[in-house]
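Just dropping this structure here.
The values are calculated or read from the model by the stated rules, or taken from the named source; none is laboratory data. Because the structure is a prediction, the values reported are computed rather than measured. As a convention, Cβ positions derive from the backbone with ideal geometry for all residues, glycine included, and neighbour counts pool all protein chains shown. Note: accessible area is taken over every heavy atom of the protein model, side chains too, but ligands, DNA and RNA are not part of it. Shrake-Rupley method; radii C 1.70, N 1.55, O 1.52, S 1.80 Å.
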Amino acid sequence: MKPAPTWADAFVSMVNAAVGDYLHGRGNGLHIPMAFYQHNRPLPLTTAALAQACPNATAKVCVLVHGLGCTEGIWHFGKRGGCDPQLSYGSMLQADGGYTPLYVRYNTGLSLEANGQHLDSLLQGLLELYPLPIKELLLIGHSMGGLVLRHGCGRGVQRGAAWAELVRRVFYLGSPHDG
């Protein structure tokens, strides 16, 4: 099956932003469960899938989390400004800093607490299933994504999660921490 076109992904993400809690509560197929995504498709959280998706995996992982009503596509430059369509903030961090980028997509219509809990679980699964031992996690969140990171980190620290001890830096890009 081919990945959904980006306009469809954008539409579903906007619907989730508006009524995502309702979609989740009803088990509606438009609900976006939190997951890592690659090429507009969920990346199964298995060692084999991660190894295939990240053939040049490193022990330094960068997790990028989008904002309200968006998808992981915000991290890609696309064809803007004559850029290589494969160029992204993640690929630049990989080339310049040796980080393996992973992109999160999630239902922005759920509460920050719920999304923080999902992120905590997702990062715990990543730590357990990544094809090699992770030595450093770099977290980058845009807007609401930064708030989700904050809640996820708080939950991870509170429960003593091993992944939380690997976080060296968190970057918040336009995150409204004060409301």
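Enumerate the amide H contacts of T100 below 5 Å, restricted to partners 5 or more residues apart or on another chain; note that Pro and chain-start residues carry no placed amide H.
Here the answer is T58, K60, V61, C62, since their amide H atoms fall under 5 Å of that of T100.
Going by amide H atoms built from the backbone, whose H comes under 5 Å of the H on Q38, apart from near neighbours?
Answer set, sorted by chain and number: L43.
Based on the Cβ-Cβ distance of W7 and F171, what FRET efficiency does E = 1/(1 + (r/R0)^6) give at R0 = 25 Å, to the nearest 0.05?
Result of the calculation: an efficiency of 0.30.
Rounded, prolate or oblate, given the Cα gyration tensor of the stretch 9-105, with a/c below 1.5 counting as rounded?
Numbers: a/c = 2.56, a/b = 1.48, b/c = 1.73.
Verdict is oblate for the stretch 9-105.
Show me the helices of the chain, taken as full DSSP H stretches, that run 18 Å or more along their long axis by Cα and average -1.0 or above in Kyte-Doolittle hydropathy.
On the way: long enough: 6-26 (25 Å, 0.27); 112-129 (25 Å, 0.14); 144-158 (21 Å, 0.18).
Qualifying helices: 6-26, 112-129, 144-158.
Per DSSP H run of n ≥ 4, the term is -39500 (n - 2.57); total these for the chain, divide by its residue number, and report the mean residue ellipticity at 222 nm rounded to 500 deg cm²/dmol.
Working: 5 runs with 70 residues, N = 179.
About -12500 deg cm²/dmol.
Given bins 5 angstrom wide, list per bin the percent of all Cα-Cα distances in the chain, short to long.
2, 8, 17, 22, 22, 17, 10, 3, 0, 0
At most 11 other C-beta atoms within 10 Å and a DSSP loop state: those are the exposed trypsin sites (Lys or Arg not before Pro) I care about. Give me the longest piece of the chain that has none. Don't skip to the end; give the middle numbers.
Values: sites that count: K79, K135, R159.
The reported range is 1-78.
A further question follows. Given a 1.4 Å probe and the protein chains all in place, what does the accessible area of E165 round to, in Å² to the nearest 10?
For E165, solvent-accessible area is about 130 Å².
Let me ask another. Once neighbouring chains are kept in place and the probe is 1.4 Å, which whole percent of the accessible area of the stretch 1-148 is contributed by carbon and sulfur? Could the numbers behind the result be given before it?
Working: 4350 of 7220 Å².
Solvent-exposed carbon and sulfur of the stretch 1-148 make up 60 percent of the total.
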